[in-house]
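> Below is one structure. I have some questions about it.
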C-alpha cells in the first residue's frame, strides 16, 4: 500500500525539516559515540581512497580527465597530489571511493553512505577552508545519517524500478555534507537537493554486463553531481519546494511513494546511524564476508585440502543471489570488481589463500586455474525455511572426497555493529592502504595523518590535513626502495 496518507500527516514539509536539521545541528549536540564513529569513518574512507589511487586501473581515466580539465587549484586528487577544480576533483576522487570495494557499509539497509560523501567533503574543506574538524564531523555525521534514514524508509526496493540504489542514495549525503560545510541556508539546501534530483541516476544494468567496470567507479558521478548541485544552489539557482516528498519527488520517482516518513524523522538530531556502520576486514562486497569467514573457520577446524572439495554450497538470502548469478559469469569473473561481487570467486580465494587481502584481487588471480577450478564447484541456494537472515549472514557447506560434509554458519559477519573491528584494526588498515597510494606515504607520515584524524575535533583546518595525506609526487626513489619506506 502506498504511504501517501502517512506522508501527508507525518511527512509534511519533510524536505524543509531535513534541511533545517542539516543546516542547524551543532557539534555540542552530537553524542560522543557519534563523534567517535565519524572519526572511524573518516579514517577508513580516506585510507581506502588512497589505496585505490595506487591499485585500481579503473580510476585512471578519471584521473587523466581531471588533469586535462584542470581548473583553479582548489582540491587535491587524492593519492596523486595534483590540484584541480573542486567539481573536477569530485569526479576523480569519487571514482576512488568504491574502486576496491573496501569502504564502509550500512548493513541494515544495504548501502554505502560515505562513498560519495567523503570525497566531496574532502574537496570542500580544501576549496573553502579553513574549516575545523568539529564542523567536518557535524557535516559528515549529518550527511551519513540522511543516507541511512532514506534507505531505511523505503518500503519498495528501488531495484524494482530498475535502479541501483547505493550511488543514488549516497549522493544525498554528499549534498548534505557539502551544503553544511559551505554554510548554505535551509532554502539553499532544499535547492541543492532539487538540483541533485535533476541528474542523479544509476541503472541496475550495472550488475549484469560482465565486462563493465562502472560498478567500481560508480561514485564518481553522484559525487560530482552533489558538488555541482550545491555550488549552483549557492549561486541562487532555485529548486523545488519538496524534492523528497513532492508529488514527483525522490520517493515518487524511485519508490512509487512506498516509504515511511517516520523512519526519516524519528530521533532526527538525537540518534545518528553512522554509529551502526560496518567496516570491512576483506576488500570485497559485504555480502561475501559471512562466507569468507565460514570458509576460514572450516579450514582452521578441519584442516582439509581445498583440492579435496567435491561440491561447495553457499546458502544465503535473496539479496545475495546477485553474487552468484548468472552463475557462469560469477564462476569466471572478467573484471576485478565483478570478482569482488562473486561468491564463487571469493569463497575460492578464502579456501586457497591464507587470507583475503588487497593482493587477492589482481588480473593474475582472475586467471588462476586453481581458483577457477574451485569456483566452478560453487552453487547458491536460499535457506530451506525461507527466513531472512540478512546480507551479513550466510552458511557454507563443503562435500569432500572422503564423503564428509563440513558445514559452518555465520549469523553476523565480522566488522558489523555486533562484531565491530576495533580502532587498532582500523588504524592498521589505514596504514596498509596509505602506503599503497599512487604517491605512497611513508609509514611515519601515514601514522601522523592517522593520529590527526583520531583527534579530528581538535583540527583547525581539515583541508590542510587532506593536503598532507596526498603530497605531490616526489622525485623517483633509488631502485630497490620499497614503497612503504619511500
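> Residue 310 to residue 155: FRET efficiency via 1/(1 + (r/R0)^6), r the Cβ-Cβ distance, R0 41 Å, to the nearest 0.05? Numbers along the way, then the final one.
Numbers: r = 43 Å, r/R0 = 1.05.
Working from the Cβ atoms, E equals 0.45.
> Also, quick follow-up: Please arrange 278, 381 by counting, for each residue, the other beta carbons lying within 10 Å of its beta carbon, fewest first.
381, 278
> Taking the Cα of residue 20, stepping 7 Å toward and past its beta carbon, and measuring to each backbone N in the stretch 133-149: which are under 20 Å?
Label zone hits: 139, 142-143, 145-147, 149.
> Hey, how many Å between the Cα centroid of the stretch 171-236 and the Cα centroid of the stretch 350-398?
With the stretch 171-236 and the stretch 350-398 each reduced to a Cα centre, they are spaced 33 Å.
> How would 184, 232 line up from fewest to most surrounding beta-carbon atoms within 10 angstrom? Don't skip to the answer; put the middle values down first.
Working: 184 22, 232 19.
By the 10 Å Cβ count, ascending: 232, 184.
> Assuming a ≥ b ≥ c are the square roots of the Cα gyration tensor eigenvalues, decide whether the chain counts as rounded (a/c under 1.5), prolate (otherwise, with a/b larger than b/c) or oblate.
Judged from the Cα gyration tensor, the chain comes out oblate (a/c at least 1.5, b/c at or above a/b).
> Once fully extended, how much extra length lies between residue 208 and residue 325, figured as 0.36 nm per residue of separation less the alpha-carbon to alpha-carbon distance?
Length difference between fully extended and current span is 41.2 nm.
> Right, another one. Relative contact order (percent) for the chain, with alpha-carbon contacts under 8 angstrom and 6 or more residues of separation?
RCO, the chain: 23 percent.
> Next question, about the same structure. Hey, rough spin-label estimate for residue 355 and residue 248, points 7 angstrom out along Cα→Cβ, what's it come to in nanometres?
Between residue 355 and residue 248, the simple spin-label model gives 5.4 nm.
> Based only on other Cβ atoms within 10 Å, what is the fewest-to-most ordering of 254, 208? Don't skip to the end; give the middle numbers.
Working: 254 24, 208 12.
Placing the least packed residue first, the sequence is 208, 254.
> Looking at the stretch 247-378, I'd like the Rg to Rh ratio, where Rg is from alpha-carbon atoms and Rh is Kirkwood's inverse mean 1/r.
1.12
> Here is a follow-up. What length, rounded to one decimal in nm, is gained on full extension from residue 376 through to residue 455, with 0.36 nm per residue of separation minus their alpha-carbon distance?
Answer, rounded to one decimal: 23.7 nm.
> Further, regarding this structure: Please give, to one decimal in nm, the separation of the simple spin-label points placed at residue 262 and residue 425, each 7 Å out from Cα toward the Cβ.
About 3.5 nm separates the two model spin labels.
> For residue 411 and residue 473 in one chain, what is 0.36 nm times their gap in residues minus the Cα-Cα distance, to one decimal in nm?
The residue 411-residue 473 span can extend by a further 17.8 nm.
> Give me the compactness ratio for the stretch 4-276, meaning the Cα radius of gyration over 2.2 N^0.38 Å.
0.92
> Could you check the spin-label model distance between residue 418 and residue 29? Points 7 Å from the Cα along Cα→Cβ, value in nm.
For the pair residue 418/residue 29, the computed spacing is 3.3 nm.
Laboratory data are not the source of any read-out in this text; all were calculated from the coordinates shown. None of the values given here were measured: they were computed from a predicted structure. Because the Cβ atoms are built from the backbone with ideal geometry, glycine has one as well, and the counts that use them run over all protein chains shown.
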